[in-house]
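Here is the structure we will look at, set down as structure tokens.
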Protein chains: 2
Amino acid sequence: MAFNDDKLSLESVRQSLIRLEDTIIFSLIERAKYPLNSKLYDQNLMEIPGFSCSVFEYFVKETEALQSKVGRYESEEEEPFFPDAIFKPDLPLPKPPSVLHPAEDSININKDIWCMYINKLLPQFATEGDDSNYACIASCDLQCLQALSRRIHYGKFVAEVKFIDAPQDYTPAILAQDREALMKLLTFETVEEMVKKRVKKKTMIFAQQVTLNDTIIIKEEKYKIDPSIVSQLYADWVMPLTKHVEVEYLLRRLD
Amino acid sequence: MAFNDDKLSLESVRQSLIRLEDTIIFSLIERAKYPLNSKLYDQNLMEIPGFSCSVFEYFVKETEALQSKVGRYESEEEEPFFPDAIFKPDLPLPKPPSVLHPAEDSININKDIWCMYINKLLPQFATEGDDSNYACIASCDLQCLQALSRRIHYGKFVAEVKFIDAPQDYTPAILAQDREALMKLLTFETVEEMVKKRVKKKTMIFAQQVTLNDTIIIKEEKYKIDPSIVSQLYADWVMPLTKHVEVEYLLRRLD
């Protein structure tokens with residue numbers, strides 16, 4: 001395991017998580033521009049022989065295959081939604097450095113993230129309707145999914161940093177393979193409350209309708225996406241799933 | 001030519017242009033997260049037989065080919081950067097409605113947009129360095145290029161709306177094929193000044209570092225991208241190129 005101090009410090013991990021909030025909010029705001037376009041996710045729409053999935057699934061699989069050739073999944077920060085469809089990169093580009101325990105490779109909860117996004121999150125903020133902009137919408141959805149996946153799997157880096165910082169605190173629970181004890185060690189309610197507040201505030205800022213009127217900014221009350229949907233997304237899914245990744249990583253940290 | 005009143009009004013076109021400002025700013029902020037990673041654009045890097053382009057060009061060509069299969073370029077709002085590499089969609093999805101004169105098909109200035117973006121814009125805001133995140137960066141770059149291309153080619157809709165609104169104003173210059181006269185008819189300096197101010201203001205809002213401190217937001221003076229770069233982008237490239245598209249469209253409007 002290579003170790004790169006610049007990359008892996010409590011402060012750099014914290015900064016990455018905070019910056020990813022902006023990425024997630026931007027991508028949700030962009031997706032909210034379009035109606036739901038439910039045909040995109042319809043498993044029964046594609047009757048072409050050889051396809052047994054939705055158009056969106058086809059799109060994500062093929063995009064991931066292409067991005068894998070340019071090395072996307074060589075980075076420890078990225079997990080594919082369709083691991084069986086990706087390639088080893090064949091382009092003359094350097095690989096990003098690796099800083100995690102090799103067990104990180106076996107942790108991929110994108111199936112849960114996919115189901116949450118399509119079935120729970122999207123119907124909360126995408127208006128009913130169909131404008132035939134399937135390709136643009138599929139791109140937006142993939143941006144959202146990739147941002148959420150990166151944020152949630154960043155739990156591996158969080159766990160590594162915390163472990164390195166105080167191995168004595170985690171080692172007994174790891175040796176006992178005690179999920180519950182690990183979850184307790186990783187839970188800080190005041191921090192979680194602060195994150196929820198921050199993403200809500202950020203969404204209120206980024207999702208406002210900015211108008212220029214005699215150099216005075218008028219903030220209309222209509223946001224491009226409801227800020228409380230984003231804070232609820234963090235409370236119900238992003239933070240619990242990140243901690244789930246942290247626990248899974250720590251359980252394998254001494255393998 | 002099908003005509004769809006809901007889609008094509010002065011107000012709806014104006015709203016689309018304003019909304020696209022947010023998309024462009026978000027995508028530039030996301031790209032600014034990463035260093036330049038110049039290897040991505042290096043024409044001489046790929047020595048693999050069969051490739052004679054940069055990794056980024058390869059990535060965009062292949063992504064456009066895939067997105068074309070899902071119908072991206074069936075929409076009059078979208079122009080490919082590599083028109084020779086795209087396919088007719090083969091998926092069971094409806095086509096977006098068409099509202100423009102068929103001559104719109106022949107107008108694609110993406111080569112200019114590509115050169116401007118890679119050679120002029122990117123070096124202005126991407127910091128020097130290489131972090132090996134080529135696939136993520138290529139995705140961000142493509143988002144920026146697609147947003148800029150959509151905004152600039154939206155000039156076709158602007159021109160159509162203006163022509164429909166007052167054909168008598170434009171017909172003499174169109175019949176005379178007088179570019180200069182058309183450019184004059186399409187130029188409103190006070191509106192352009194307002195747009196520049198608005199994108200600067202938007203960037204100051206969207207690119208700020210939002211911190212939550214006792215529920216007070218502290219705005220640091222360091223923006224994720226310099227707001228004046230964005231207003232200059234609009235002044236030097238986005239608005240002139242949009243007007244160029246408008247003129248080209250009007251010249252063909254009575255064909």
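Evaluate peptide A:62-69: per residue, the Cβ atoms of other protein chains within 10 Å of its Cβ; return the mean as an integer. It would help to have the intermediate numbers written out before the result.
Details: counts 7, 6, 1, 2, 8, 8, 1, 5.
That works out to 5 on average.
Tell me the mean residue ellipticity at 222 nm calculated for chain A from its helices only (DSSP H runs of n ≥ 4, each -39500 (n - 2.57), averaged over every residue, nearest 500).
-16000 deg cm²/dmol
Please give, to one decimal in nm, the separation of the simple spin-label points placed at A:Lys120 and B:Ile18, each 7 Å out from Cα toward the Cβ.
So the label points at A:Lys120 and B:Ile18 sit 3.5 nm apart.
Give me the percent relative contact order of chain A, please, defined on Cα pairs under 8 angstrom at least 6 residues apart. Before the final figure, lay out each step's value.
Working: 311 pairs, mean separation 65.8, N = 255.
Taking the mean separation of contacting Cα pairs over the length of chain A, I get 26 percent.
I need the phi-derived Karplus couplings for the range B:87-95: 6.51 cos²θ - 1.76 cosθ + 1.60, θ = phi - 60°, integer Hz, Gly and Pro marked x.
Using θ = phi - 60°, the values come out as 10, 6, x, 10, 10, x, 10, x, 8 Hz.
Calculated FRET efficiency, A:Phe87 and A:Arg179, Cβ-Cβ r, R0 35 Å, to nearest 0.05?
E between A:Phe87 and A:Arg179, to the nearest 0.05, is 0.55.
For B:Thr211, what residues show an amide H to amide H distance below 5 Å, using hydrogens built from the backbone and excluding near sequence neighbours?
Amide H to amide H, under 5 Å and 5 or more residues apart or across chains, B:Thr211 pairs with B:Ile218.
Taking θ as phi - 60°, what are the ³J(HN,Hα) couplings along the range A:162-173 by the Karplus curve (6.51, -1.76, 1.60), each to the nearest whole Hz, with x for Gly and Pro?
Rounded to whole hertz, the list is 5, 5, 4, 6, 8, x, 4, 6, 9, 4, x, 5.
Please work out the FRET efficiency for the pair A:Asp169 and A:Ile229, using the Cβ-Cβ distance as r and a Förster radius of 25 Å; give the result to the nearest 0.05.
Working: r = 35 Å, r/R0 = 1.41.
Computed FRET efficiency for A:Asp169 and A:Ile229 comes out at 0.10.
Counting partner chain Cβ atoms within 10 Å of every residue's Cβ in A:161-169, what's the average? Provide the component values of the computation, followed by the final result.
Values: counts 0, 0, 0, 0, 0, 0, 0, 0, 0.
The shielding value for this peptide is 0.
Count charges around B:Gln146 for me, please; just the other residues with Cβ under 13 Å from its Cβ, Lys/Arg as +1, Asp/Glu as -1.
Values: positive: B:Arg31, B:Arg72, B:Arg150, B:Arg151; negative: A:Glu30, B:Glu30, B:Glu64, B:Glu77, B:Glu78, B:Glu79, B:Asp141.
Net local charge, B:Gln146 excluded: -3.
Cα atoms only, chain A: Rg and Dmax in Å?
Radius of gyration, then largest Cα-Cα span, for chain A: 19.8, 65 Å.
Considering the alpha-carbon set of the protein assembly as shown alone, what are its Rg and its Dmax in angstrom?
Cα-based Rg and Dmax for the protein assembly as shown come out at 23.8, 85 Å.
Highest mean first, how do B:184-192, B:101-109 rank when packing is the count of other Cβ atoms within 10 Å averaged over residues?
Numbers: B:184-192: 11.9, B:101-109: 16.1.
Those peptides, ordered most packed to least, come out B:101-109, B:184-192.
Please identify which residues in the range A:85-115 have an amide N closer than 18 Å to a label point set 7 Å out from the Cα of A:Gln43, following the Cα→Cβ vector.
In the range A:85-115, the label zone of A:Gln43 (backbone N under 18 Å from the point 7 Å along Cα→Cβ) covers A:110-115.
So, R0 is 25 Å and r is the distance between the beta-carbons of A:Leu10 and A:Lys111; what FRET efficiency does that work out to, to 0.05? Please report the intermediate quantities before stating the final value.
Working: r = 30 Å, r/R0 = 1.20.
Rounded to the nearest 0.05, the efficiency is 0.25.
So which of A:Lys33/A:Lys222; A:Lys162/B:Lys222; A:Lys33/A:Lys224 end up more than 18 Å apart by C-alpha? If you can, show how the numbers build up before the last one.
Numbers: A:Lys33/A:Lys222 13 Å; A:Lys162/B:Lys222 29 Å; A:Lys33/A:Lys224 8 Å.
Among A:Lys33/A:Lys222; A:Lys162/B:Lys222; A:Lys33/A:Lys224, the Cα-Cα distance tops 18 Å for A:Lys162/B:Lys222.
Just tell me how shielded B:86-97 is by partners: mean number of partner chain Cβ atoms within 10 Å of each residue's Cβ, no decimals. All intermediate terms of the calculation are to be shown ahead of the outcome.
Details: counts 0, 0, 0, 3, 2, 11, 8, 11, 5, 2, 6, 2.
That works out to 4 on average.
Under the Karplus relation 6.51 cos²θ - 1.76 cosθ + 1.60, θ = phi - 60°, what is the ordered set of whole-Hz ³J(HN,Hα) values for the range B:116-127, x standing for Gly and Pro?
Once rounded to whole Hz, the list reads 4, 5, 5, 8, 10, 6, 3, x, 6, 10, 7, 6.
No lab work stands behind these numbers, since they all come straight from the coordinates. In this text the structure is predicted, and so the values were computed from the model without any measurement. Neighbour counts run over all protein chains shown; Cβ positions are idealised from the backbone, glycine included.
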